[in-house]
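This report refers to the structure that appears directly beneath it.
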Amino acid sequence: MRRRRAEAYTLRPPPRSNRPLPSRTMAANPTSVTVHQASRVLEIGFDDGKTFRIPFELMRVYSPSAEVQGHGPGQEVLQTGKRDVGIVEIEPVGHYALQPLFSDGHQTGIFTWDYLYRLGADAQALWQKYLERLKAAGLERDAAMPVAAGGACGHH
């Protein structure tokens, strides 16, 4: 599937199967996704009536990639310098996720609908946790990220 340039546009998620999924935890299915470049937010609507405006910075610092989350508990990499990050391109992943290419080159995070719902619903708490982690680490939000040696995710 071809990547789409991420300008102010609406991407309609593909239709979902009517078959129930085992152990389904998703609260709702997405109905629309809009990338707002000027305000740097991803707006996503769900069929339970909720709509979230998720800042690109929040998405980037909580990317579900191994580069950010690590390969297990305690291996998370605190992200800094992402205040002005943009989304350059965005690609649907099957019927379950989006994969953005961020302006800092990060592109390995696959954001499932469940994960985007959680980011939207818990945005304030997640943002507060991020600020607390920065403070505990003695880092500033706009500090440059250190250059990691080794593999793409910094853990190899």
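Classify segment 50-156: rounded, prolate or oblate, from the alpha-carbon gyration tensor (a ≥ b ≥ c, eigenvalue square roots; a/c under 1.5 rounded; otherwise prolate if a/b is larger than b/c)? Don't jump to the answer; show the numbers that get you there.
Numbers: a/c = 1.55, a/b = 1.19, b/c = 1.30.
Oblate, since a/c reaches 1.5 and b/c is not below a/b.
Need one value: the accessible area of R118 in square angstrom, 1.4 angstrom probe, rounded to the nearest 10.
Per-residue accessible area (R118): approximately 110 Å².
Within straight cross-link reach of K82, meaning Cα distance under 17 Å, which aspartates and glutamates are found once same-chain residues fewer than 8 apart are removed?
Within the straight-line limit of under 17 Å, K82 reaches these aspartates and glutamates: E57, E67, D104, E132, E140, D142.
Using 0.36 nm per residue, how much length does the chain from D114 to R83 gain when fully extended, once their Cα-Cα distance is taken away? Can you show the working numbers first?
On the way: separation 31, 0.36 × 31 = 11.16 nm, distance 2.41 nm.
Here the answer is 8.8 nm.
The values are calculated or read from the model by the stated rules, or taken from the named source; none is laboratory data. In this text the structure is predicted, and so the values were computed from the model without any measurement. What goes into the accessible areas is simple: the full protein's heavy atoms, side chains included, and nothing from ligands, DNA or RNA. Shrake-Rupley method; radii C 1.70, N 1.55, O 1.52, S 1.80 Å.
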